[in-house]
Amino acid sequence: MRGQFYLTILGSNSATPAYGRFPTSQVLTLNDHTFLIDCGEGSQIRMGEYKIKRNKISHIFISHMHGDHIFGLPGLITSLTLNSRKEPLTIYGPKGIKAFLDAVISMSYSHLSFDLIINEIETDKKISILAFEDVEIFAFPVFHRIPTYGYLFEEKAGPRNILKSAIHKYSLSVDQIKSIKAGNDLDFDGKTIPNEEITKESLKPQSYAYCADSRADDRIIESVKGVSAMYFETTYLDDLRDQASERGHATSKQAAELALKANVNALITGHYSSRYKDVQPILDEAKSVFPNVYLGYDGMMLDIRNLDQSK
Ligand SMILES: [Zn+2]
Ligand SMILES: [Zn+2]
C-alpha cells in the first residue's frame, strides 16, 4: 500500500558513541517495506526506544565494513533468531560482509531460525540491486578509505487513482474500474472518455539517497541528482577540511556544496565527529551554502513525502 516514506535515524555519530549519539544506523519505512541502512553498535537499543519492530526488517543495506557501521549486526541477527523469525533476511554490502557474518555466527555457536541471504556488491558504477512493484534500489560507489557504497531508494510512480465522482457518474463496474486503473479510456454511451478525465495522479514518487562514509566527490552527483532527500555524512566542520580528506570524510560545507550541485531537494547531516558536543555549527555551515538542510539526530523521524521544498 502506498503511503508512508519515513526515515528514522537510530545513530548520528561517527566512530564511537558520544554525547548521547550512537554510531550510524537508519531505518527507512517506505510504504509496506522496512529497510535498515547500516547497523552500528546500539542499533537494537534504539529500535526499542523508537518503536521500530526489528522483525519487520526485510533487507539490510551496509555501506562499508568499518565497525561503526556493522558492529550492531551480530546482535540484531541473533535476536531475530531468539524471536523465532521465519522470514528470510537479505543483506547487501561490500565484499567481506559474508565472511564477517559467517565467522561471527559460527564462532558464537549461533543457529539461525531463518534464511540469511547475503549479497556482496562489487561495482564501480550505479547499479540496480533490487526492485519491487513500488520501489527500486540502487547501489553506487562513494569515496572513503575502503570500498564503500551509497544506496538510492527510488519510488516508482503508482497507478492513477479513479475519481470518486466518476464512479458515480458512469456507474462503473468492477471490470471497468480495473480497466481504467490499468490506464485505459472508458467507452460510455458510444463516446470515449479519456483516462485523464476520470483519474487523478497518485502520490508523487519520492527518492532517498544515503551517502556515507565518503568524501564529497563530484562523481557522486550523477547517482543522486534531483533526489527528494540526500543523507550525506558531515563528520567535520570546514576548518578541518584537510583532515576530512585524509580520512575519507566530508565537511559540512563540502556536503552542502555537493547537495547544491546535485540539485537535491533536501540534505540531511550526520556521522558527527566526537570532537563536537554541539552540532549546531554543522547545521549553520551547511545552511550557509544550501538552504534546505535537516540536522540529523538520534531519534529524528523525517517524513520524506512532506519535506519542505527548497524549489
Ligand atoms: Zn563511519
Ligand atoms: Zn568509515
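Tabulated results
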{"read-out": "Residue within the range 62-73 that is away from ligand 1 (no atom under 16 Å from the Cβ) and not in a strand (DSSP E or B) present", "value": "no"}
{"read-out": "Residue list for the range 277-301, filter: among the β-branched types (Val, Ile, Thr) and surrounded by fewer than 20 Cβ atoms within 10 Å (Cβ to Cβ)", "value": "Val289"}
{"read-out": "Subset of the range 13-34 that is buried (at least 21 other Cβ atoms within 10 Å of the Cβ) and either within 12 Å of ligand 1 (Cβ to nearest atom) or aromatic (Phe, Trp, Tyr) (or both) - its residue that is nearest to Leu116 (Cα to Cα)", "value": "Ser25"}
{"read-out": "Leading residue by the ranking (nearest to Thr251 (Cα to Cα)) among those in the range 276-301 that are of a type in the set (D, E, K, R) and in a helix (DSSP H, G or I)", "value": "Glu285"}
{"read-out": "Strands (runs of 3 or more DSSP E) lying entirely in the range 156-261 (those with 2 or more residues that are surrounded by 12 or more Cβ atoms within 10 Å (Cβ to Cβ) and more than 16 Å from ligand 1 (Cβ to nearest atom))", "value": "186-188, 207-211, 229-232"}
{"read-out": "Matching strands (runs of 3 or more DSSP E) fully within the range 88-147 where at least 2 residues are surrounded by fewer than 17 Cβ atoms within 10 Å (Cβ to Cβ) and assigned by TED's automatic domain parsing to the domain that holds Leu258", "value": "116-121, 127-131"}
{"read-out": "Failed item in (1) touching a residue at least 60 places away in the same chain (Cβ under 8 Å); (2) out of contact with any Gly (no Cβ under 9 Å at 6 or more places or on another chain), with Ile268 passing the rest", "value": "(2)"}
{"read-out": "Condition check for Thr16: farther than 21 Å from Thr148 by Cβ and of a type in the set (Val, Ile, Thr)", "value": "no"}
{"read-out": "Selection from the range 187-208 of residues that are free of Cβ contacts under 8 Å to residues at least 60 places away in the same chain and either touching a helix residue (DSSP H, G or I) at 6+ places or on another chain (Cβ under 6 Å) or acidic (Asp, Glu) (or both)", "value": "Asp187, Asp189, Glu196, Glu197, Ile198, Glu201"}
{"read-out": "Positions within the range 47-63 being touching a Pro at 6+ places or on another chain (Cβ under 9 Å) and more than 16 Å from ligand 2 (Cβ to nearest atom), in sequence order", "value": "Ser58"}
{"read-out": "Among residues of the range 82-97, those that are modelled with pLDDT of 95 or more and away from ligand 2 (no atom under 16 Å from the Cβ), counted", "value": "8"}
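The values are calculated or read from the model by the stated rules, or taken from the named source; none is laboratory data. These numbers were taken from a predicted model, which means no experiment stands behind them. Using ideal geometry, Cβ is built from the backbone for each residue, glycine included, and neighbour counts are taken over all protein chains shown.
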